[in-house]
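Everything below concerns the one structure shown next.
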Amino acid sequence: MHLIAPSLLSANFLNLEKDIEMVNRSQADWFHLDVMDGVFVPNISFGLPVIEKIKTAARKPLDVHLMIVDPDRYIERFRKAGADIISIHAEACNHLHRSVYLIKQTGAKAGVVLNPHSPVSLLNDIIGDTDMVLLMSVNPGFGGQKFIENTYRKVRELKELILKKNSLAMIEIDGGVDLNNAPILVKEGAGILVAGNTVFASPDPEETIKLLKNF
């Protein structure tokens, strides 16, 4: 069964606790938290103090996606703030293998993220060491973008690499996931779906999560 991780980037920041409680009640599996620094991506979201507060209310794992430069400097601090899964961009790391193991040393699960333009082949030498690969299906930085159709091919290619290397890595998709493309993504091999606007712009977010989980 695939996992659903609602992205709090699309939640109501004026009433964040209410949306956290909704996710707690729902059939969602994780909270997805996008950390943006305004440098690696052209947007700024939230950081350590907000995640610390979210952790006090969340009853499900925190899936923290670092869209920041030099993530090594902050890995331990995000773990202490409450991150259960920490994902870093291959494009932001000079020494990706070392960065993955810095995450693992904190006790968190380690994810590697690829932007839409980055080929799956970048992961040939790291796929056996990572717990998860997050494929961006939009350009990172803003919610509500249109899903990039080439993602289906990348999921298939990544699944083949995982099998070839006997890796246990799960495949996560982030960006433009909706009720139409979610079943196709899971069929191709995705195990975790991040959903932002699809959930939080819905008139019934809990029902939408249920539909994403049980198609």
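The values are calculated or read from the model by the stated rules, or taken from the named source; none is laboratory data. Everything numeric here is computed off the predicted structure, so don't read it as measured data. Glycine gets a Cβ as well: all are built from the backbone with ideal geometry, and neighbour counts include every protein chain shown.
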| query | Is one or more of the residues making up region 182-198 assigned to a helix (DSSP H, G or I), farther than 19 Å from LYS154 by Cβ and touching a residue at least 60 places away in the same chain (Cβ under 8 Å)? | reply | yes
| field | Some residue of region 58-79 being at pLDDT 95 or above, closer than 26 Å to SER121 by Cα, part of a strand (DSSP E or B) and of a type in the set (D, E, K, R) | value | yes
| Among the residues of region 148-168, is any touching a strand residue (DSSP E or B) at 6+ places or on another chain (Cβ under 9 Å) and in a strand (DSSP E or B)? | no
| query | In region 56-75, which residues are under 27 Å from GLU17 (Cβ atoms), charged (D, E, K, R) and surrounded by fewer than 22 Cβ atoms within 10 Å (Cβ to Cβ)? | reply | ARG59, LYS60
| message | Which condition from (1) assigned to a helix (DSSP H, G or I); (2) over 18 Å from the mean Cα position of the chain (by Cα) is the one that LYS104 breaks? | response | (2)
